[in-house]
1. Among the residues in region 236-250, are any touching a Phe, Trp or Tyr at 6+ places or on another chain (Cβ under 6 Å), within 16 Å of L445 (Cα to Cα) and part of a helix (DSSP H, G or I)?
2. Among A435, A401, A461, which is the only one that is touching a Lys or Arg at 6+ places or on another chain (Cβ under 9 Å), of a type in the set (A, V, I, L, M) and under 20 Å from I340 (Cβ atoms)?
3. Output the number of residues of region 338-362 satisfying the condition of being farther than 21 Å from P528 by Cβ, in contact (Cβ under 8 Å) with a residue 40 or more places away in the chain and within 23 Å of the chain's Cα centre (by Cα).
4. How do the helices (runs of 4 or more DSSP H) wholly within region 309-421 filter down when requiring 2 or more residues that are within 22 Å of R249 (Cα to Cα) and polar (S, T, N, Q): which remain?
5. Checking the condition assigned to a helix (DSSP H, G or I) and surrounded by 19 or more Cβ atoms within 10 Å (Cβ to Cβ), which residue from A116, A204, A159, A126 passes?
6. Look at region 158-174 and say how many of its residues are touching a Phe, Trp or Tyr at 6+ places or on another chain (Cβ under 9 Å) and among the charged types (D, E, K, R).
7. If the requirement is being surrounded by fewer than 20 Cβ atoms within 10 Å (Cβ to Cβ) and at negative phi, which of these qualifies: H290, H272?
8. Starting from residues that are open to solvent by less than 30 Å² (accessible area, probe 1.4 Å) and in contact with a Gly (Cβ under 9 Å, 6 or more places away or on another chain), keep the ones in region 239-253 and report whichever is nearest to S192 (Cα to Cα).
Amino acid sequence: LANRLSDLHNSRFFNRASFSPRSSTCAPLPPKQKEKRKGKKSATQSLQKTVLLVLFIVFAVERGPHTPTAFPFSSTQLTPNSKQNTNRTNKNKKRTKKKKMSVVAKGAEYAVDRVAIQRLIEEEKALFESKHQKSKQLFEEAKTCLLGGVPMSWMIKWAGGFPIFVKGGKGATFTDVDGNQYLDLCLGDTGSMTGHAPDVTVAAIAAQAAKGLTFMLPTEDAVWVGKEMQRRFNLPYWQMAMTATDANRFALRLCRYLTKRPYVLVFNWCYHGTVDETFATIDDSTGNVHARPGNVGPQVDPAKTTKVIEFNDVEALERALSNYDVACVLAEPAMTNIGIIHPDPGYHEALRRLTKKYGTLLIIDETHTICAGPGGFTKKYNLEPDLLTIGKPLAGGIPAAVYGLSHDVAARLQSLISSDSIDTSGIGGTLTANALTLAAMRATLENVLTDAFFDKTIPLAGRWTQGVQSVIDEFNLPWNVTQLGNRGEYWFRREPARNGLQAVTAYDVDLDRYMHLFALNRGILLTPFHLMALVAPDTTAQQIDYHTSVFRDAVVKLIQTNSLRPSSSSSSSSRL
């Protein structure tokens, strides 16, 4: 405001010399005119002050106190302390706005005050615990029989200190055991991208369950699913798997079998499920490949099985392939588990050209990038992989995955498929392609993950992205937000990352935890491993706008408490 008023003060309206119709410069005045002008000096100053005061009042009224969009559920569905929290929030609106205007400066970088933000996190943790007493009780009980108090170790990674225990969900929302209802933007980290319990999938599951669950024999649904995969991804032959991890593992085996080469190539900080060869990163200091931090008990040193390069680096790609020892490149067409990292223009053309040049097979993993459309990134951008893997949402939340093969790859595998030892090949499994899963896949692909699904959800994801961007712009935050189909994500760096290293070095554990907790305490679930949102077909525009309001409130509180404040130089911005 001060800058705007200063500009106005120096403008034509306040430049006394500019009142002269002849010139915008101030010429010397005759003595008599000088006397008159001197007599009017105090009146002019008074007029200036009055106009500035009026402009200040108009500006304040125009901006007004920020009023968040109401939570898109009824008041009875809010948490027990919601009314108290709302009243307290309303009392602080005007004070929050004043604080915001006093600290935000155009072009400023921001530093994180680690002490101040820890206080905010502790406040949010206390609020979380007060709202989730039954979940905490179940968590303590679960510790007596489940390792870490959870049935699967990842479930411990929630910002509140213990997981929410779910009672049930439908569409874009779910309810926990304490009666709190949530807008679910996590959606099982893509597993429930269809929305929870889609009616047609539930009906198909119930119908097949009454007829038998698994036979280790094919059903008619298997033929329908295979043809649908052909149509969507332009690959002629398909096989089933239980999870995308299995699909990727099987694809890597087949590539090594066909090429007789030892290495696979992946991108730094990629994610392809719990596949041993892919849990490898580049050592920043040496450039060597080593096990990714957190990789538990790798079977062998990943440097013996894996080459790792940065995404979007064509020169590094050619160097890695030029020894003719890489069996395959396993790639997400856009990286998704370290923020959303889009490929540079022309990168996929270079990737396909170089893999063909050096006899390396190309596997495209569409498990997350199916968010781009019914045929994923591959169909939308006319990619031509040798193999393709996908899992997670294909059966509406029932474990399911597939992998597809080109004509050439399938022809070269015929001798393996007809072998008497195919059951000990390390590919497949007793429950793979069971009747229940295939029935769920057919129902979901035919009726849920359709063109209409993406026609609705992608624009809503755009609305989510625009809402986050509007707050980033308002406060000139050194953050960015990106979108891929019905998926959006924000990250704590000013420009979108071009590779995994750029993304991971901008990760801020305190900011991440605070933003997750703030949203969770206000009825919004984001993906726990990063700040990603998925849009289900049942999600509404009102719910998207509610997220924007909560996101803005979280930022205002960071600035209001000086947890996030302008710094004198970007070098002291704590990786922001």
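1. no
2. A461
3. 2
4. In region 309-421, 414-417 are the helices (runs of 4 or more DSSP H) which contain 2 or more residues that are within 22 Å of R249 (Cα to Cα) and polar (S, T, N, Q).
5. Only one candidate qualifies: A204.
6. Count: 1.
7. H290
8. Of everything passing the filter in region 239-253, A244 is nearest to S192 (Cα to Cα).
The values are calculated or read from the model by the stated rules, or taken from the named source; none is laboratory data. Remember, it's a predicted structure, so these values are computed and weren't measured experimentally. Here the Cβ is made from the backbone with ideal geometry for all residues, glycine too, and neighbour counts use every protein chain on show. All accessible areas refer to the heavy atoms of the entire protein, side chains included, with ligands and DNA or RNA removed. Shrake-Rupley method; radii C 1.70, N 1.55, O 1.52, S 1.80 Å.
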